[in-house]
Structure formats: structure tokens, C-alpha cells
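The values are calculated or read from the model by the stated rules, or taken from the named source; none is laboratory data. Keep in mind that what you see is a predicted model, and the values were worked out from it rather than measured. Backbone-built Cβ (ideal geometry, glycine too); neighbour counts: all protein chains shown. Protein only, heavy atoms only, side chains kept; ligands, DNA and RNA dropped before computing areas. Shrake-Rupley method; radii C 1.70, N 1.55, O 1.52, S 1.80 Å.
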Amino acid sequence: MKTLIVLASLMLCAACASGVTPDGGVASYDALKTARDACLAKGADLQLAREGDPQSITSYVCKRK
């Protein structure tokens, strides 16, 4: 079950990276939580890109800890 949740989170994060999101790419609480969980599953941390727009989900990147 845990593997299924991780896979679903990764697929959602991939959708965020491509810019095709149901909420139009807005960095909502739910979108950030999903992206953060997917990054944590990969052993990374979700961070705002340098000079990125904090309101856009595409401005966040996974970086190794």
C-alpha cells in the first residue's frame, strides 16, 4: 500500500514538472504537499528555485539533502 502511495505521488509530481496541473500550476497547499512528499520519497527536499515565483509550482525543485 505504501508503495502505491509513493508511486501516485511521483506521478503527480511528474505532472507538476510538466506544467499540466488541474489547478493551473498554482503552488497551492495541496500541490506543495504532494510535491514535497514525492521529493522526500526520493531522498530529496523540495526547494524554491533561485529567483523563482513562490506562487508557481513549476518554480520548485527537488534537491538532494
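Scanning the stretch 32-43 for residues that are part of a helix (DSSP H, G or I) and open to solvent by 30 Å² or more (accessible area, probe 1.4 Å) yields a count of 7. Cβ separations smaller than 6 Å between residues 6+ apart or across chains give no pair from the stretch 44-56 residues that are closer than 13 Å to Ala31 by Cα and assigned to a strand (DSSP E or B) to residues that are open to solvent by 70 Å² or more (accessible area, probe 1.4 Å) and of a type in the set (Phe, Trp, Tyr). Does Gly25 satisfy the criteria of being modelled with pLDDT under 95, in contact with a Gly (Cβ under 7 Å, 6 or more places away or on another chain) and surrounded by fewer than 16 Cβ atoms within 10 Å (Cβ to Cβ)? No, not satisfied.
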